[in-house]
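*Asks:* Pasting in a structure now, in structure tokens, and then I'll have a few things to ask.
The values are calculated or read from the model by the stated rules, or taken from the named source; none is laboratory data. A quick note: this is a predicted structure, and the numbers were derived from the prediction, not measured. Neighbour counts are summed over all protein chains in view; Cβ atoms, including those assigned to glycine, are modelled from backbone coordinates with ideal geometry.
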């Protein structure tokens, strides 16, 4: 990258949302009141799989204060991001315990809740299946009878007709059987992970309004307003201009959980029936745990052939992801899991099969790093199994085979801007790998991660320069706590040459803010960063042209610093932007900028869910742990975490993303597990679901590696999505290093540790 | 203009707001509820001019339900569009009966009203002045002691220090004294007009919210959100990004009355004190009549020298406009009155003085055609006086001297696109001038008008093309009933080549919709029309470039029709816009357009309130009347009205603008008069203020003349602003033609007619 003099990018500007949040002034969806608003509550299935024989809503409808009751029959529409398979309310049958069956609209929540009790639903139970491997077996109960006929959002989504498999992703390179034959050692292991819950502080909520003309307005805490708009317009078969999605000024946590249609779907269902009244549905914590989405439970079977010196020869991976009752983002999750399923290493012979499998449980969908935590858990655990078996140093073994620039990735693309090796080196140095003395029952381990980035999807932005030189940015990137509003403002301020305080970004509203694919996948800094940079540059060029006459210099010889246009070589020959506008336009001037970024695809790559990735999410972590042999408890002494940011636009935010991710990963490693009995969640509350609190957060040394990307804004890539991914295998590897036990099924709870220690002692 | 094949422009598309209005679904400001909203009421002065000795709000503050009371001392800020002279609430002294002195915020309107009664204000009365001519005389009470020191918005606003004159506009050409000396006849007349009230069906209203960080949000029925934003930001000294003005989806009438800060000012005053609570103030009909603005009462003295054959030699015009207690838009009104003060005729020697004069009455400000009704009343009445005296045909006399292309206007500019002569010819032909037989006491008359157009001010627009090929337009032009939303959508649909139904424009919101100077002066079709046309063309070019590869044709050989990009010569080689996007961008594509129009000014013209006009508002009307000699009543038989639209983007809307304007003009001609006793309005209700109802509307033959403007979108200019202007002199001239009496002071009420008939009979 050319060296640029940067004023704002690269500094830890105070977050633009900090003050509102600290002062308690941030407005969330539940703070929004719309005149005439009603309140909705959802009647949910108590069976994991059952035919709906009859629904009697008549008593509920007669309850004073009830404005209407809707059931699936009233809203014969289907939605779904990847497969059109999900009704707005269950029709004919329910597919999971917690699925919406009816919605009541009433003047207040209490009345709506009362009305739910008056609805009678007659079910006929059906056999159910919960395990993703069992669900793929012949004779398993079919959850969707017609998966083969569902409309697919993209041609590379491949359901297997007549099964519960809604996507089968395959990736083959070389000759894996020949590879195994040529190997000195074969390793075969099975790794599993449970369902993890997002645990956003803010639950899902939405307000929906449908008028007689089928104009649809939805206020939501959704992460991706334009994706929601498109899904709604498609489902209800109206032009997109009739659908307006307004995002609340603040969204209280996302981690992937606030995408798709959740509370939006049930709010739309009742609003479709009770017209011209806005209807709010806020999920309770129990609904949040039981009726939204969680992380895909997984079974990963990994067979690896290596030479005596540890060189990878062949790997076969089978990934089973339990996606629950509807596909939602599952097909993409399984695709991303598959693409990186063999790990970020040069392996000449590969066979990867990734199955996205319906089960009769709550949906699984997008969740920070999706596909990554399940596969990295497998490939990084097995990496240490191999190293130990061959007596090799785990860091050394990784360093020798990790992808570097110029390597051909398993997916076929030639890699560039591959900072993973640097991440591992930084981690090893920071933790004084194999040189720092550790105590009794203490151990250390490392793990790497690689994951695909949503490619290729576009982001668009408008910039408008106000008469006083301040700037409004129109961008549909949603501030969900990750700091994107600050990043967007920093890039615009840098590019336009104005102070941070001069730039303001409002929350998205599809009537006004332009297209953006989604606020997901750590794509915003890269994609929206490029879009707002282009929009700002567009506006800047116009300002320079306007100033050219006034400053008697060619636009090429001008620049803008601190809100003043000046001759590059002579900062004193300067005019404030406001003056440039007023001198050209009197009282009445502006310039506007527009930017649209869509990554250039190599020849031959298709445009949807391609395997080609515009960049890769990369990181390395090291863990130091101490195992209590009496209690089985694992204490994390410290996590060293280096992730490749390309360029840290706001270093503090990057490091915070790492801190948050590691804490999430630590929970996934040691405690988190949404437990089921059959289809029923057993621990749907913060009293019983063991998410780490702030007090449980481990000591963390976060590092943002700046391995610049030539196409990123100022070299930046995304970082936040996958900072949780390497934590569990790093911890598991450290536990092995400490006490010699290998746990392959998450979470690593004290009882599993004690049992493993007991087995080890017995050997 | 090159002949273009137009599909949508030039057709009378159904108004995009028609259905909402007909169905009663249009949302106005009073329909908007903001959570936590309080209600405000204003205590108003009962004296026209008085010192405020003391205000005691303590009892009001203690009333349960009252959240706060604000007086001028709490909001030491000044606003004003042309002169910074107006406090948000009166400080030190009141300058008109009805001026805001204090505002109460309470939980409901009744409590707020009750609290007003508990406020005690001690006044010391001061001598007041009401007549604009008297107010200019030495010794008149000074309403503003320091007018010479007030900050001016532009250098050509020229207050006279030590007087009540807040602007003195002068225009001199040739040698007027020499011209009078060379004249065969000299005519000297004085014409007067009263205050006319806007009578919008919707009164003024605003909701203001100021938070602890001085973020200011105002919901309003203002016609010009960006102008309001700037005025607020300047007054409260905050960056413009901190001020957000959101316009209600619909505004119930404007006619110039909804500009500036009216209800906004008092709502901001109380919101500045009672922080973090939105506070709504809706004006009562009485406040609307007494505490907003009306049309400037005027005295116009016109001295004209002509040759025996009617050729104009010299004209001296003195215009006195009573602007009330604060300048508001008065300086511009007086400037525009002055620029066209001598009428649209070739007159070699001119002297025009136009005075904007403070008086102790309600403000006068912008009102349809401002400056025009007062001056056209004078110059077109005197034209017939001259014609009659010299025995010349009034139409012939006008035709001989009216401006045509290539003439140099009194203001110095060389005229182009001057369709006024065509308007007069069309009117004369339609009414069969001097050939159609009329009955007893019936007569006919014509009148012309010319008025300046706000020049040069900018308009900006964004266009975003959605994934399904529909289009959102971001424009700050406000739909106030004039049909601008339809015009904007028609132009975008035409330029982009998509159906009308595919285009949607939301109401303005300064956080999102880009800069626009104002929705005034009939500038929107021309200025915003150009801006949205540019924005659409920008998007279209990008679409054609994207389609070029797919259709294997150069972008130059492509166009878009009915939402499909196709090879010009081969309409069957076509792709829908949605397909062009998806083929290029997968699921994730868009194009954005931006447009900014600012009229090019000739060399040497300044950028603010220049006398150079980018186009002129032009029209001719003919009236046929019958005078009842018994009652003095004047019955309008028919009005023929031809106005120069350049190009009628939506013919129906143009004709409706003429119908509405003529009805307004007829009211001004025959009945409307906001009557005062001292400073007090005597008829502040629809029971006593005689605005014509629909039943009173005369028969009208509207004609939109299409004298194309080379810089207008598709040749269009504005039309609506001044369609009321020629009506009163046309009627007065017809009355003279019918019964030989000449009334010079509006309105022409039956008592004046009877008195004039009596005087005539006595002669």
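*Asks:* Do we find that residue B:22 is within 14 Å of another protein chain (Cβ to nearest Cβ), crowded, with 16+ Cβ neighbours inside 10 Å and on the phi < 0 side of the Ramachandran plot in this structure?
*Replies:* Considered against the rule, which asks whether it is within 14 Å of another protein chain (Cβ to nearest Cβ), crowded, with 16+ Cβ neighbours inside 10 Å and on the phi < 0 side of the Ramachandran plot, residue B:22 comes out as no.
*Asks:* Let me ask something else about it. Test residue A:29 against the stated conditions and say whether it is modelled with pLDDT of 95 or more, within 14 Å of another protein chain (Cβ to nearest Cβ) and under 29 Å from residue A:330 (Cβ atoms).
*Replies:* Values: modelled with pLDDT of 95 or more: yes; within 14 Å of another protein chain (Cβ to nearest Cβ): yes; under 29 Å from residue A:330 (Cβ atoms): yes.
Yes, satisfied.
*Asks:* Same structure, new question: Test residue A:188 against the stated conditions and say whether it is touching a strand residue (DSSP E or B) at 6+ places or on another chain (Cβ under 9 Å), in contact (Cβ under 8 Å) with a residue 60 or more places away in the chain and not assigned by TED's automatic domain parsing to the domain that holds residue A:86.
*Replies:* yes
So that you can scan it fast, the table gives a plain yes or no per residue for (1) buried (at least 24 other Cβ atoms within 10 Å of the Cβ); (2) not in a loop (DSSP other than H, G, I, E, B):
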{"site": "A:258", "(1), (2)": "yes, no"}
{"site": "A:275", "(1), (2)": "no, no"}
{"site": "A:286", "(1), (2)": "no, yes"}
{"site": "A:315", "(1), (2)": "yes, yes"}
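*Asks:* On to the next question. Which one is nearest to the other protein chains (Cβ to nearest Cβ) among residues in region A:35-73 that are out of contact with any strand residue (DSSP E or B) (no Cβ under 6 Å at 6 or more places or on another chain) and in a loop (DSSP other than H, G, I, E, B)?
*Replies:* A:35
*Asks:* Could I ask something else about it? For residues that are in a loop (DSSP other than H, G, I, E, B) and either touching a helix residue (DSSP H, G or I) at 6+ places or on another chain (Cβ under 9 Å) or within 28 Å of residue B:663 (Cβ to Cβ) (or both), tally how many sit in region B:354-404.
*Replies:* Of the residues in region B:354-404, 15 are in a loop (DSSP other than H, G, I, E, B) and either touching a helix residue (DSSP H, G or I) at 6+ places or on another chain (Cβ under 9 Å) or within 28 Å of residue B:663 (Cβ to Cβ) (or both).
*Asks:* So which of A:441, A:466 ends up being more than 14 Å from chain B (Cβ to nearest Cβ), in contact with a helix residue (DSSP H, G or I) (Cβ under 6 Å, 6 or more places away or on another chain) and more than 18 Å from residue A:713 (Cα to Cα)?
*Replies:* Being more than 14 Å from chain B (Cβ to nearest Cβ), in contact with a helix residue (DSSP H, G or I) (Cβ under 6 Å, 6 or more places away or on another chain) and more than 18 Å from residue A:713 (Cα to Cα) holds for just one of A:441, A:466, which is A:441.
*Asks:* For residue B:586, work out the one condition from (1) in contact (Cβ under 8 Å) with a residue 12 or more places away in the chain; (2) assigned by TED's automatic domain parsing to the domain that holds residue B:469 it doesn't fulfil.
*Replies:* So the condition that residue B:586 fails would be (1).
*Asks:* Out of B:501, B:535, B:507, which single residue is outside any strand (DSSP E or B), surrounded by fewer than 24 Cβ atoms within 10 Å (Cβ to Cβ), within 13 Å of another protein chain (Cβ to nearest Cβ) and over 24 Å from the mean Cα position of the chain (by Cα)?
*Replies:* Just a single option satisfies the conditions, and that option is B:501.
*Asks:* Here is a follow-up. How about region A:151-175: which of its residues are within 32 Å of the chain's Cα centre (by Cα) and farther than 30 Å from residue A:87 by Cα?
*Replies:* Residues of region A:151-175 that are within 32 Å of the chain's Cα centre (by Cα), as a first pass: A:151-174.
A:171, A:172, A:173, A:174 - these are the residues of region A:151-175 that are within 32 Å of the chain's Cα centre (by Cα) and farther than 30 Å from residue A:87 by Cα.
*Asks:* Can you confirm whether region B:179-191 contains a residue that is more than 12 Å from every other protein chain (Cβ to nearest Cβ), crowded, with 18+ Cβ neighbours inside 10 Å and within 28 Å of the chain's Cα centre (by Cα)?
*Replies:* Scanning region B:179-191 turns up at least one residue that is more than 12 Å from every other protein chain (Cβ to nearest Cβ), crowded, with 18+ Cβ neighbours inside 10 Å and within 28 Å of the chain's Cα centre (by Cα).
*Asks:* Further question: Looking at region A:610-634 only, could you name the residues that are within 28 Å of residue A:422 (Cα to Cα) and either within 14 Å of another protein chain (Cβ to nearest Cβ) or surrounded by fewer than 24 Cβ atoms within 10 Å (Cβ to Cβ) (or both)? It would help to see each step written out before you state the result.
*Replies:* Taking region A:610-634 as the starting set, the residues that turn out to be within 28 Å of residue A:422 (Cα to Cα) are A:610-626.
Listed by number, the residues that qualify are A:610, A:611, A:612, A:613, A:614, A:626.
*Asks:* When the residues of region A:208-230 are filtered to those that are part of a loop (DSSP other than H, G, I, E, B) and closer than 24 Å to residue A:481 by Cβ, which remaining residue is nearest to the other protein chains (Cβ to nearest Cβ)? Even if it seems obvious, please write down each step before you answer.
*Replies:* Residues of region A:208-230 part of a loop (DSSP other than H, G, I, E, B): A:211-215, A:221-224.
This time we only want the ones that are closer than 24 Å to residue A:481 by Cβ, so: A:221-224.
On the way: A:221: 16, A:222: 17, A:223: 15, A:224: 11 Å.
Of everything passing the filter in region A:208-230, A:224 is nearest to the other protein chains (Cβ to nearest Cβ).
*Asks:* If you don't mind, there's one more thing I want to ask. Looking at residue A:743, is it part of a loop (DSSP other than H, G, I, E, B), in the same structural domain as residue A:392 (by TED's automatic domain parsing) and without any contact (Cβ under 8 Å) to a residue 24 or more places away in the chain?
*Replies:* yes
*Asks:* So for region A:443-461 (the condition being touching a residue at least 12 places away in the same chain (Cβ under 8 Å) and more than 28 Å from the chain's Cα centre (by Cα)), does at least one residue qualify?
*Replies:* If we filter region A:443-461 for residues that are touching a residue at least 12 places away in the same chain (Cβ under 8 Å), which is where we start, we get A:443-461.
Within this subset, residues satisfying the condition of being more than 28 Å from the chain's Cα centre (by Cα) are A:443-444.
Scanning region A:443-461, I find at least one residue that is touching a residue at least 12 places away in the same chain (Cβ under 8 Å) and more than 28 Å from the chain's Cα centre (by Cα), so the answer is yes.
*Asks:* Exactly one condition in (1) assigned to a loop (DSSP other than H, G, I, E, B); (2) closer than 17 Å to residue A:395 by Cβ is false for residue A:418; which is it?
*Replies:* The number of the failed condition is (2).
*Asks:* Kindly check whether there is at least one residue in region A:478-498 that is within 18 Å of the chain's Cα centre (by Cα), under 21 Å from residue A:14 (Cα atoms) and within 14 Å of another protein chain (Cβ to nearest Cβ).
*Replies:* Yes - at least one qualifying residue is present in region A:478-498.
*Asks:* Got at least one residue in region B:52-59 being over 26 Å from residue B:483 (Cα atoms), surrounded by fewer than 19 Cβ atoms within 10 Å (Cβ to Cβ) and without any contact (Cβ under 8 Å) to a residue 12 or more places away in the chain?
*Replies:* yes
*Asks:* Let me ask something else about it. Might you check whether a residue that is assigned to a helix (DSSP H, G or I), under 22 Å from residue A:265 (Cα atoms) and in contact with a helix residue (DSSP H, G or I) (Cβ under 8 Å, 6 or more places away or on another chain) occurs anywhere in region A:105-115?
*Replies:* The answer is yes; a qualifying residue exists.
*Asks:* Additional query: Being in contact (Cβ under 8 Å) with a residue 40 or more places away in the chain, within 22 Å of residue A:376 (Cβ to Cβ) and touching a helix residue (DSSP H, G or I) at 6+ places or on another chain (Cβ under 8 Å) narrows it down to one residue among A:424, A:420; which is it?
*Replies:* A:424
*Asks:* Name the residue that is nearest to the other protein chains (Cβ to nearest Cβ), counting only residues in region B:7-19 that are in a loop (DSSP other than H, G, I, E, B) and surrounded by fewer than 17 Cβ atoms within 10 Å (Cβ to Cβ).
*Replies:* If we take residues in region B:7-19 being in a loop (DSSP other than H, G, I, E, B) and surrounded by fewer than 17 Cβ atoms within 10 Å (Cβ to Cβ), then B:14 is nearest to the other protein chains (Cβ to nearest Cβ).
*Asks:* Of all residues in region A:542-600, how many are surrounded by fewer than 20 Cβ atoms within 10 Å (Cβ to Cβ), over 24 Å from residue A:513 (Cα atoms), within 14 Å of chain B (Cβ to nearest Cβ) and under 37 Å from the mean Cα position of the chain (by Cα)?
*Replies:* Result for region A:542-600: 0.
*Asks:* If you don't mind, there's one more thing I want to ask. Could we say that residue B:102 is in contact (Cβ under 8 Å) with a residue 60 or more places away in the chain and either within 26 Å of residue B:678 (Cα to Cα) or in a loop (DSSP other than H, G, I, E, B) (or both) here?
*Replies:* On the way: in contact (Cβ under 8 Å) with a residue 60 or more places away in the chain: yes; either within 26 Å of residue B:678 (Cα to Cα) or in a loop (DSSP other than H, G, I, E, B) (or both): yes.
So residue B:102 passes the test.
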